[in-house]
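S.K.: Starting off with a structure, shown below.
The values are calculated or read from the model by the stated rules, or taken from the named source; none is laboratory data. Keep in mind that this is a model prediction, so the values were computed, not measured. All Cβ positions, even for glycine, are placed from backbone atoms using ideal geometry, and neighbour counts span all protein chains on display. Protein only, heavy atoms only, side chains kept; ligands, DNA and RNA dropped before computing areas. Shrake-Rupley method; radii C 1.70, N 1.55, O 1.52, S 1.80 Å.
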Amino acid sequence: MEVAAPLPSWSIYAILIAQGSIYALLVWFLGRARGKTAETFLSGGRDIGHGMINASVVATWVWAATLMISSWTGYQYGFIGPWWYALGATVPLPLMAYLGRRVRTVMPRATSYPEFMAHRLDRKNHILHSLISTVVSLWITVMIITGGAIMGHAFTGAPFWAIALLMVIIFVSYIPLAGLWASILADTVMSLMLYVCLIIIAVAVLVKIGPSEIWAGLTEVAATKPTLQPAIGEAEQLSQWDGLNWLNPAGLGFLVVNIVGNLGAVLCNQTYWSRVIGARDPKTAFKSFMTAALCWWPIPLATGTALGVAALSRGLVVGETYSNGDATILFTEAEAVAPVMAFLVLGFAGLTIFILAVGSATISTGAGEILAVTTVFVNDVYKGHINPKARDRTLLVASRATLYVIAAALLVAVIFFREIGFSFAGMYQAMGIAFSSAVIPVIMACFVKNTNREGAFWAAIIGSVCGMTYWLATGADLLWGVVWGNIIVLSVSAVIAVTWTIMRPQPFDFDSLKESEGATGG
Amino acid sequence: MSELWYVLNHWVTIAWLILAAVYAYYAVIADLVIIVRNRKREQESGTSKT
């Protein structure tokens, strides 16, 4: 059945263009001086305060998935789903606080985390982590642009390519003005706006439905066991009917996947290291990541509870059409439960607020990730290997040029994957298998003075190969295959790096990093 | 799980969200105050920071 998009197509253009214009104007008036040198462009001036770093980490770590998938976990696993989602994705932030403080203390002039690896370990580890960081950021950006454009298309009817194009144009409208500082300023505004949007939605659900009614609905689902998702298997259905169980087994599996997957997405991602680099001092970096963990946690928790759990309690069925007044909306797939529920509770206003929140999340993360790829390319590849004697002016031009080229390449990639019908479903769960083998080597490089360079290098590669091989052998299973794949990746890389270090320790003097700068060390 | 526990759970999620928002706003405003003070000081001393 063909159901018209509930919102007009101009609404998504208006939301995106308004946001892009505000960020560009703010950056132009407040911070364009930060775009005058490559050093301030890539490092943000290294003097940004706690409030902005805190808000920036929150905004950058809120993806479209944070709002969509956390609500899906509420719909799929019941009340515990959003808790597990939030816990799993929060764990990397305190860890990053310790790592960031350590790196800013031992190597104050570092601009990127691969640069730290170059000086701390060696050239091959530098190349490996430059590659990993670039792939992580590109993967995430393609995923979030695709997700944002699919959602925009589904709820406004605007063409997929037009939304993707507009998002990329917004990324390159304000970032080239002041680099990292621009990204962090825009993140700050987005973060504050996001809280307002989500509080409106959460309070609306509280007032219009209420927790007692939701509890009664969950009890009803557990008793009557309705088929809410006709396409899923029996195991998934059982977990959905178990919505009041603290120890929902499938939900616990998701917790493991979420912890491991997100470790790689944060600790091996220059976007978050950039926030460490931009902070005023090591103490500010530490405090900001710690408070960001506490400020970020309730975002998926409250959203998933308000929208996902409430949808489960009302017994929403995938494939059905629902109405609010005269308007209707088609519940196309379980992952789209959040906007459908926002529409049912608040009508068009709810859907618009939710799209505004997802649009903000997509722009802040996407812009940060594109800048992260630029930083690694200019600082680690161009300055590190191609032109080590490049002057600041040359680096600044290279930074802006790289930003535009990457943005264009990403747009082509997003449209290409869409055209060939490549699905990003499950990519979120599979992320840990691809990236998280580098987590243990990064932690050891920061804190263990005897870390073996060969061990750190091969742990990252072999861990990923083992996890990927296992996962593919299970037929890329997204239930328990992906859980064990994630556990294997982290375990294998830990065993290799630790054993190699114990058998052949290579003592390192961290004080030697104090004056280090540039990516040509090792 | 009893109704009381679920209701408590639901309220905790919203209260935490509001507290997080209040802290984020407070921290950003504190930063802005510092930025404005520094700008005033720079203007008074006739220097400009890039």
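S.K.: Considering every residue within region B:42-49, establish whether at least one is surrounded by 11 or more Cβ atoms within 10 Å (Cβ to Cβ) and either facing chain A (nearest Cβ under 7 Å) or over 23 Å from A:MET52 (Cα atoms) (or both).
M.R.: No, region B:42-49 contains no residue that is surrounded by 11 or more Cβ atoms within 10 Å (Cβ to Cβ) and either facing chain A (nearest Cβ under 7 Å) or over 23 Å from A:MET52 (Cα atoms) (or both).
S.K.: Turning to a different aspect of this structure: Is it true that A:LEU238 is assigned to a helix (DSSP H, G or I) and at the interface with chain B (Cβ under 10 Å from one of its Cβ atoms)?
M.R.: no
S.K.: Going by the conditions given, is A:VAL309 touching a helix residue (DSSP H, G or I) at 6+ places or on another chain (Cβ under 7 Å), closer than 30 Å to A:ARG102 by Cβ and not in a loop (DSSP other than H, G, I, E, B)?
M.R.: So A:VAL309 fails the test.
S.K.: If you take the residues in region A:241-270 that are among the hydrophobic types (A, V, I, L, M, F, W, C) and more than 30 Å from A:GLY100 (Cβ to Cβ), which one is nearest to the other protein chains (Cβ to nearest Cβ)?
M.R.: Once the filter is applied, the top-ranked residue is A:LEU244.
S.K.: Go through region A:13-44 and give me each residue that's under 19 Å from A:THR284 (Cβ atoms) and more than 8 Å from chain B (Cβ to nearest Cβ).
M.R.: Of everything in region A:13-44, those that are under 19 Å from A:THR284 (Cβ atoms) and more than 8 Å from chain B (Cβ to nearest Cβ) turn out to be A:GLY31, A:GLU39, A:LEU42, A:SER43, A:GLY44.
S.K.: How about region B:1-16: which of its residues are open to solvent by less than 70 Å² (accessible area, probe 1.4 Å) and either among the hydrophobic types (A, V, I, L, M, F, W, C) or not in a helix (DSSP H, G or I) (or both)?
M.R.: B:MET1, B:SER2, B:VAL7, B:VAL12, B:ILE14, B:ALA15, B:TRP16 - these are the residues of region B:1-16 that are open to solvent by less than 70 Å² (accessible area, probe 1.4 Å) and either among the hydrophobic types (A, V, I, L, M, F, W, C) or not in a helix (DSSP H, G or I) (or both).
S.K.: Separate question: Which numbered condition in (1) within 7 Å of chain A (Cβ to nearest Cβ); (2) of a type outside the set (Ser, Thr, Tyr); (3) under 25 Å from the mean Cα position of the chain (by Cα) is the only one that B:VAL7 fails?
M.R.: Condition not satisfied by B:VAL7: (3).
S.K.: Those residues that are surrounded by fewer than 24 Cβ atoms within 10 Å (Cβ to Cβ) and basic (Lys, Arg), I need them from region A:30-64; list them, please.
M.R.: Selection gives A:ARG32, A:LYS36, A:ARG46.
S.K.: Separate question: Of all residues in region A:285-299, which are at the interface with chain B (Cβ under 10 Å from one of its Cβ atoms) and buried (at least 24 other Cβ atoms within 10 Å of the Cβ)?
M.R.: A:SER288, A:ALA292, A:CYS295, A:TRP296, A:PRO298, A:ILE299
S.K.: Still on this structure, please answer the following. Here are B:LEU19, B:LEU32: which of them is within 8 Å of chain A (Cβ to nearest Cβ), open to solvent by 80 Å² or more (accessible area, probe 1.4 Å) and farther than 27 Å from A:GLY210 by Cβ?
M.R.: Just one listed residue meets the conditions, B:LEU32.
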